[in-house]
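Inspection log for the structure reproduced underneath, given as structure tokens.
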Amino acid sequence: MQNEMTTFKPKIVAFCCNWCSYAGADLAGTNRLTYPADVKIIRVPCSCRVNPMFILRAFQRGADGVIICGCHPGDCHYTTGNYYARRRMTLLFSMLDFLGIEKERTRVEWVSAAEGAKFAATMNDFVATVTKLGENKRLEDLRCKK
Amino acid sequence: MQEMMIAKARELLKSGAVQRVLGWKAGEFAYDVEPAVFESAQELEKSFVYNDFCGSNLSKYLIAQSRKEGKTLVFLKPCDTYSFSQLLAEHRIVRENVYAIGIPCQGKTDGETLKGKGFTGILSAQCEGDTFTVHTLYGDKTAARADVLPERCLNCKSKKHMIYDELLGEDGEVLDSHRFDMVEKLEKMTPDERFAFWRGELSRCIRCNACRNVCPACTCEKCVFDNDASGIAQKAAADSFEENMFHIIRAFHVAGRCTDCGECSRVCPQNIPLHLLNRKFIKDINELYGAYQAGEDPDAKSPLTDYTMNDAEPGIVYHRGGNQ
């Protein structure tokens, strides 16, 4: 019981682009690379599909960290989607930081379909970072907490 | 100035060049000036005013007025012309139906600010250079201009009209303002201090949506905040999350299109400095993607609908500015 109380398991939402990062996650799986089960992957057609509201909504519903994974800039399946996503997310993260919300809780990583190892390493690192930060207190919705 | 404007409006109405006039109307008290549409010389004579309380930005009303038959005459202060120009670039206003007259502005105060400074029984107010004279029931009182102007006017970005058909008075210059000073001050705080600052401000929000309704960049006919299923349609204080989310999304939706007119802060009944959120986006855009001011150049591409191959990575946020 005590152990259960003290070990904090973060909830991580990962928005993964269908063409690169989602396949990268598959590759990590087939290569038997381990990454924490705390990462919940949501497949999106492109990193550009991620509306800033999705990220806030994830935090509202209890996520402790949100990571967006897309194709490397220049490799977008839709040619330019991730360039737009890059600008949007930069501004959004900067705004979250401006409001005093821990900037380490959000991240963007470019992971290609061939980078299973990078996917696993990224997720391990991100989960470790968020675990260290602890529970998301600054952008939580108490009504959604059990 | 007011007489010149009424004379001009009467002349244009009489000649049939315009069908209606969009201006400001006197209210019950001197500081209760509100936007209004005038359709006859009598109405103009009766209640048209232009004074130091005419802070409201008329450009947003043109969206509806310019869709009516006939031309609308509108009076625009320099900062209103930025919004007008931006709305034209977004094809929200029918340009042919608008006759825009640029008018000078020396900064606008409002009743709340004056009352906050201890003025009561206000009859009228006048600005001459750096002195602000307030005529009250208890005699004339003066104050320094800097004391009675809101932050947006003290740090005015431009006295130059971006777009107009005709100009009354002199055109000014784009000013070298200190409008990002407050944002910089906040950036220099620690995240804990910033969080405490914004909690203190945003927790006062009563979700009246005035900031959204007045914003000349918020012109969607269907708004996400009106959608009950959006998860943030609740009223005030349902949860602190909603205040954060509402204000982040509101500012984000106008990022790259905000002309920094400061109307959001002016109308806020809780005096939340909302324009600081918009300015943060403007400052970030200027620093990361090159100087850009919405409304300045109608042909320029908005930074959020544009990109370059070598844009900064989102990770830059971890390294730049502010305390850790």
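Overview of results
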read-out	value
Under the Karplus curve 6.51 cos²θ - 1.76 cosθ + 1.60, θ = phi - 60°, whole-Hz ³J(HN,Hα) for the range A:11-19, x wherever Gly or Pro sits	9, 10, 9, 10, 8, 10, 5, 4, 8
From phi via Karplus (6.51, -1.76, 1.60), per-residue ³J(HN,Hα) for the range B:74-79 in Hz, x at Gly/Pro	10, 9, 10, 7, x, 6
Nitroxide proxy distance, nm - points 7 Å out along Cα→Cβ at B:Lys222 and B:Ala291	4.1 nm
Net charge dipole size for the range B:110-149 [Lys, Arg +1 and Asp, Glu -1 on Cβ; Debye, nearest 20]	120 debye
The protein assembly as shown: C-alpha gyration tensor shape, a/c 1.5 cut-off, then a/b vs b/c	prolate
In degrees, nearest ten, helix A:81-98 long axis to first principal axis of chain A (Cα)	20 degrees
Sequence of A:Asp97, B:Asp176, B:Asp192 once ranked by neighbouring C-beta atoms within 10 Å, starting from the fewest	B:Asp176, B:Asp192, A:Asp97
GNM result for chain B, Cα springs below 10 Å: residue of B:Ser240, B:Ser85, B:Ser56 fluctuating most strongly	B:Ser240
Helix axis angle, A:116-133 relative to chain A longest principal axis, alpha carbon, degrees	30 degrees
Relative contact order of chain A, defined on C-alpha pairs under 8 angstrom at six or more residues apart (%)	36 percent
Three-way shape label, the range B:110-149, alpha-carbon gyration tensor, a/c 1.5	oblate
Distant-in-sequence amide H partners of B:Leu123 (H built 1.01 Å from N, under 5 Å)	B:His135, B:Thr136, B:Leu137
Contact order relative to length of chain B, as percent, for alpha carbon pairs under 8 angstrom and 6 or more apart	15 percent
Long-range amide H partners of B:Val98 with built H, under 5 Å	B:Thr72
Efficiency of FRET between B:Thr131 and A:Glu135 - r from beta-carbon atoms, R0 56 angstrom, step 0.05	0.55
Förster radius 22 Å - calculated FRET efficiency between A:Ala121 and A:His77 (Cβ-Cβ, nearest 0.05)	0.40
10 Å Cβ neighbours from other chains, averaged over peptide A:47-56	3
Between helix B:240-253 and chain B: long-axis angle, C-alpha atoms, 0 to 90°, nearest 10	70 degrees
Tensor-based shape of chain A (alpha-carbon gyration tensor, a/c under 1.5 rounded, otherwise prolate or oblate)	oblate
Between the range B:112-135 and the range B:54-111, the alpha-carbon center distance in angstrom	26 Å
For the range B:110-149: relative contact order, % (alpha-carbon pairs under 8 angstrom, 6 or more apart)	35 percent
Stretch gain in nm, segment B:Thr305-B:Met182, where the contour uses 0.36 nm per residue and the Cα spacing is subtracted	41.5 nm
Zone of B:Glu112's modelled label, taken as backbone nitrogen in the range B:204-218 under 17 Å from a point 7 Å along Cα→Cβ	B:204-216
Theoretical ellipticity at 222 nm over the protein assembly as shown - DSSP helices of four or more residues, -39500 (n - 2.57) apiece, nearest 500	-10500 deg cm²/dmol
Using θ = phi - 60° and Karplus 6.51 cos²θ - 1.76 cosθ + 1.60, couplings along the range B:188-198 (whole Hz; Gly, Pro as x)	6, 6, 7, x, 5, 5, 4, 4, 5, 4, 6
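Bear in mind that the values in this text are calculations on the coordinates, not laboratory data. Remember, predicted model here, so these are calculated numbers, not experimental data. Note that each Cβ is placed from the backbone with ideal geometry, even for glycine, and that neighbours are counted across all protein chains shown.
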